[in-house]
1. Taking every DSSP beta bridge with both residues inside the stretch 147-288, roughly what % is antiparallel (nearest 5)?
2. For the chain, take N as its residue count and report Rg(C-alpha) divided by 2.2 N^0.38 Å.
3. For the chain, what does -39500 (n - 2.57) per DSSP helix run (n ≥ 4), summed and divided by total residues, give at 222 nm, in deg cm²/dmol to the nearest 500?
4. How far, in nm, would the chain grow between residue 71 and residue 26 when pulled straight, counting 0.36 nm per residue and subtracting the alpha carbon separation?
5. To the nearest whole percent, what portion of all C-alpha pairs in the stretch 167-296 is separated by more than 20 angstrom?
6. Beta carbons within 10 angstrom, averaged per residue: use that to sort the peptides 129-141, 16-28, highest first.
7. Any idea how far apart residue 111 and residue 33 come out in nm if each label point goes 7 Å out from Cα toward Cβ?
8. Within the chain, what percent of beta bridges assigned by DSSP are antiparallel, to the nearest 5?
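What follows draws every value from the coordinates through simple rules; no lab data is involved. Here the structure is a predicted model, which means the values were calculated and not measured. All Cβ positions, glycine included, derive from the backbone under ideal geometry; neighbour counts span all protein chains shown.
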Ligand code: HMG
Ligand code: MG
């Protein structure tokens, strides 16, 4: 085993394929296929599977079936199934589905807040505050995302201090974790390390890197060296954001697990089962997985 100094011995992979992945597919995937997908992810050893979103169905029609999905999904003990919730209507719907964990998602930039949430940089918080308070009161865990942490397509590079300000405001609401979203994949490892360091402590941070410029794995390694131990990834590298056209897929779970295994870092995940799931999903989506590791291993 060839290890590197300064890395954690265990990493939690926060799987976003069923939400971030499927929200960006052109085709609407049948709800039964979504349920089977999530079941396969559980079989492969995932303990956190972001299942879907309770956003406005017109804004993301791909996930309009969230209520139905949670009705047919057999939720297993010991596995967390968080969902995205932007506002009180979303929280009501999530509570009606018996959800135990939600994630709110803020923007680090004004333009993306407008495009993704129909709110400004400041007024997005008026929407989130009652959601987080209500969810905590109902005994839910609340995660937070901050998007466009390195740059956005309209405003260019995002100032680090602006990301730290938005991120800390979310943590101060009572969110247990803040996931740093490189929505359009423009970050590089030094920028990732600088952002994490600017927060002062990596303890409540997770990273959520899209692979648009092929930097997601390198940025993840930099984040791990900076003390982060929770990494978001998407099965087969599917994903994107419907309100940021240049966003492509997330860091592929298989690419991440290949690297972590090679470094001797525990994840509890079965790589063969992950690859088999991506091959199965690709056949349902009608296009090959963009993950390099899936492509290499599926050739077998
Ligand atoms: P809005 O149009 O301002 O909503 O949208 P509104 O509050 O004005 O309400 C308008 C109507 O929508 C009302 O109905 C509401 O009840 C209804 P009416 O009274 O007119 O009949 N409504 C809802 N219905 C169902 N579920 C709801 C809901 N909310 C309102 N939750 C809103 C504001 C936030 C709802 C909208 O902008 C939205 O849904 N945005 C979500 C966009 C999205 O999901 N983007 C992708 C996820 S973010 C991402 O991918 C980035 C991430 O991966 C991290 C990264 O990569 O950086 C997380
Ligand atoms: Mg994303």
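1. If I count the DSSP bridges inside the stretch 147-288, around 35 percent turn out antiparallel.
2. Normalised Cα radius of gyration, the chain: 0.92.
3. -12000 deg cm²/dmol
4. Residue separation times 0.36 nm, minus the Cα-Cα distance, leaves 13.8 nm.
5. The proportion of pairs with Cα distances above 20 Å equals 46 percent.
6. Descending mean neighbour count gives 16-28, 129-141.
7. 3.4 nm
8. Antiparallel: roughly 10 percent of the beta bridges in the chain.
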